[in-house]
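Notes follow once the structure below has been shown.
The values are calculated or read from the model by the stated rules, or taken from the named source; none is laboratory data. The structure displayed is predicted, hence computed values, not measured ones. As a convention, Cβ positions derive from the backbone with ideal geometry for all residues, glycine included, and neighbour counts pool all protein chains shown.
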Amino acid sequence: MSPELITRMTQQLEPGHFYGETHSIRIADAILSEVTHREPRDIEEHLHALPFFLLLLDGAYQETSRDITISYTPLTLGFHAKMMSHSDTIGPNGARMFTIELGKTWEDAIMYYGQMPAHLFELHGGEPLWLTLRLYGELGKPDDVAFFTIESLLFELCAYLSRAGGDDVKEPRWLAGVADELNERFREKLELRSLAHTASVHPSHLARAFHRFKGRPIGDYVTGLRVQYAARQIAEGKASLREIAADAGFSDQSHMTRLFKDFTGMAPAEYRRFIPTPRLPE
């Protein structure tokens with residue numbers, strides 16, 4: 001069956017529409033929505049008319065598009081190309097998510113900067129996550145107050161997306177294995193030489209290739225994952241900042257605080273006050 005026929009047979013959701021309880025604002029040629037699923041469910045294959053980001057705020061969620069599956073936990077960020085067919089599974093305690101649908105202004109901006117992605121992919125623990133979280137913080141503000149902030153954040157987000165979201169057809173195969181290892185072991189003490197040895201490449205080649213294809217230095221990538229992990233632990237509120245810093249792989253609490261603020265624009269204590277509430281029932 002041709003992709004065109006599959007697209008015609010698949011349910012298409014119009015801009016501002018999602019399965020689940022949806023509350024949206026339309027501003028700066030974008031649609032910002034908070035979507036809540038209060039019960040577990042499987043959602044049949046469907047597609048969206050606009051490209052969009054999805055940030056999971058609470059609960060659990062999994063989506064699959066062809067051979068790509070992303071399992072979301074809180075603070076996982078994904079990007080969906082427009083008219084990309086995918087199916088979803090909402091976790092046992094439901095899910096709450098924030099989405100940003102991009103109008104033509106932002107599609108044009110992405111194309112100006114580089115390339116419009118054509119698939120589903122995850123944006124791991126770096127700048128796009130914190131830009132998206134800051135956009136979530138603008139919900140509920142008057143339009144005349146929020147417009148300029150939302151517009152500027154969207155330009156930053158689209159600039160990053162165009163650099164990081166291409167089809168990566170020229171990315172060396174071994175680099176995906178390195179990224180997977182970092183995603184699994186980011187809380188540990190890592191050595192570039194050891195990673196390069198496992199990938200059978202020279203350390204300098206690994207460092208250059210990672211920066212080129214992943215859009216940031218490998219050290220920044222690992223720090224971003226640690227900050228993302230710390231943010232999740234802070235949101236749970238079950239451990240002290242000192243304990244979280246040690247668990248996330250930082251040398252101490254002050255080290256975590258400095259880098260956390262560098263990445264998110266907020267100190268950990270401020271972030272604890274900022275995080276979305278109320279949480280879904282356990």
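If we only count helices (runs of 4 or more DSSP H) wholly inside the stretch 50-166, which ones have 3 or more residues that are surrounded by fewer than 18 Cβ atoms within 10 Å (Cβ to Cβ)? Ranges flagged: 104-113, 143-164. Across the stretch 10-35, the number of residues qualifying as closer than 14 Å to L102 by Cα and of a type outside the set (A, V, I, L, M, F, W, C) comes to 8. No other residue among I244, I218 is closer than 30 Å to H37 by Cα, at pLDDT 90 or above and either of a type outside the set (D, E, K, R) or touching a His at 6+ places or on another chain (Cβ under 7 Å) (or both) apart from I244. Taking the stretch 198-282 and the helices (runs of 4 or more DSSP H) fully enclosed by it, the elements with 1 or more residues that are outside the structural domain of P92 (by TED's automatic domain parsing) and touching a Pro at 6+ places or on another chain (Cβ under 8 Å) are at 203-214, 218-236, 241-248, 253-264.
Which of the residues spanning the stretch 177-197 are in a helix (DSSP H, G or I) and surrounded by 13 or more Cβ atoms within 10 Å (Cβ to Cβ)?
G177, V178, A179, E181, L182, N183, R185, L192, L195, A196, H197
Suppose the filter is more than 26 Å from T223 (Cβ to Cβ) and in contact (Cβ under 8 Å) with a residue 24 or more places away in the chain; does M111 pass it? So M111 fits the description; yes.
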